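Comments concern the structure below.
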Amino acid sequence: MNQPLPILEGTKRIPIFPLPVALFPGMMLPLHIFEERYKAMVRDCLAGEKIFGVTFVRGREGFPPPVGRVGCAAFILATVPLEEGRMNILTTGLARYHALEYFQDEPYLEGLVTFFDDQPVREDLTEMAETVRVTFKRTVKAIRAMSREDDNFPDELPEDPRALSFLVASLLQMSEEQKMALMELTDTKERLERLRRLLLPAAEKYELRAAINELAKTNGHSSRGILGDPDPES
């Protein structure tokens, strides 16, 4: 997993894996491969550049996905062979693309895609990114206070505003359609601003639930109020 990741630019023909998932650049995506066409796709990818596209599809949407749909190229980091040719693979998102055209010459779908990235940042986003970072950490802390189960929240967050926006957008609890709307943006500032607006009520909601959960453990006998206000008699 220490291998250098390729940089994707311009236009390229790649295999396409339609999935009801919004994959962001830099995010991990584990997959269980069991259909014959996708077994063939992964084998061909492993024999080549180890790249395929993850294009978002909605429910019973027709096949192939609409031309112009945004997706994200995935790079195969590791594979675990299983019985009957099945396999588990671990991938990471590389770069977003627009699908220009589809081909069905192989058992699996292929697409001619053009890669894109966020526009160059022309202002300092440090303060906005820090607000998103702090509010996200508040949310994670409250969620962890309610559950002892392992989670996939990282302890360290990226300093880079773009990378931070992708990470938070991928982990925030919302519909895949909402995530796609964030992934399609090419303005890092706008993505951070939308995340800021989504995170504040989420943090407050989870903090309230965590406080109620903690109070319930004491059967209501606590020296502090639900929101942490001191007991007036203390």
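The values are calculated or read from the model by the stated rules, or taken from the named source; none is laboratory data. All values derive from a computational prediction rather than experimental measurement. Don't worry about glycine lacking a Cβ; one is built from the backbone with ideal geometry, like all the others, and counts go over all protein chains shown. Ligands, DNA and RNA are stripped out before the accessible areas are found, and what is left, the full protein with its side chains, is counted by its heavy atoms. Shrake-Rupley method; radii C 1.70, N 1.55, O 1.52, S 1.80 Å.
So for the chain, taking the charge dipole from beta-carbon charges (+1 Lys/Arg, -1 Asp/Glu), which of A202, F153, L112 sits furthest toward the positive end?
A202
Report the full-extension gain for the segment F103 to Q173: residue separation times 0.36 nm, less the Cα-Cα distance, to one decimal in nm.
Computed gain between F103 and Q173 is 21.8 nm.
Kindly list the residues of segment 135-178 that lie in the label zone of E184, defined by a backbone N under 14 Å from the point 7 Å along the Cα-to-C-beta vector.
Zone members listed by number: 176-178.
Let me make sure I get this right: for the chain, a, b and c are the square roots of the gyration tensor eigenvalues over alpha carbons, sorted descending. Under 1.5 in a/c it's rounded, otherwise prolate if a/b > b/c, else oblate. Which is it?
Prolate shape, in that a/c is at least 1.5 and a/b is the bigger ratio.
Counting only heavy atoms of protein chains, what accessible area per residue, in Å², does the chain have with a probe of 1.4 Å?
57
With all protein chains present, calculate the accessible area of L100 using a 1.4 Å probe and round the result to the nearest 10 Å².
Roll a 1.4 Å probe over it and L100 shows about 90 Å².
Checking a compactness column here: for segment 109-216, what do you get for Rg(Cα) / (2.2 N^0.38 Å), N being the number of residues?
In units of the globular-protein estimate, segment 109-216 measures up at 1.21.
Using a basic spin-label model with each label point 7 Å from the Cα along Cα→Cβ, how many nm lie between Q119 and S147?
3.7
Would you mind getting me the FRET efficiency between R37 and R58? Use the beta-carbon distance for r and R0 = 25 Å, nearest 0.05.
0.75
Treat every Asp and Glu Cβ in segment 48-149 as -1 and every Lys and Arg Cβ as +1, leave all other atoms uncharged, and give the resulting dipole magnitude about the Cα centre to the nearest 20 debye.
Value, rounded to 20: 740 debye.
Using a Cα distance threshold of under 16 Å, what count of lysine pairs results for the chain when pairs must be 8 or more residues apart or interchain?
Total qualifying Lys-Lys pairs in the chain comes to 5.
What residues have an amide H closer than 5 Å to that of G111, excluding those fewer than 5 places away on the same chain, when H is modeled at 1.01 Å from N in the peptide plane?
I14, I16, F103
Measure off, as a whole percent, the carbon and sulfur share of the 1.4 Å-probe accessible area of the chain, all protein chains present.
The C+S portion of the solvent-accessible surface of the chain is 51 percent.
Apply the Karplus parameterisation 6.51 cos²θ - 1.76 cosθ + 1.60, with θ equal to phi minus 60°, to every residue of segment 159-166 and state each ³J(HN,Hα) to the nearest whole Hz, in sequence, with x for glycine and proline.
Residue by residue, segment 159-166 yields 7, 5, x, 5, 4, 4, 5, 5 Hz.
Between D155 and A47, what length comes free when the chain is fully extended (0.36 nm per residue of separation minus the Cα-Cα distance, one decimal in nm)?
35.3 nm
Across the Cα atoms of segment 81-149, what radius of gyration and what greatest pairwise Cα-Cα distance (Dmax) are found, in Å?
Expressed in Å, the Cα Rg and Dmax of segment 81-149 come to 20.7, 53.
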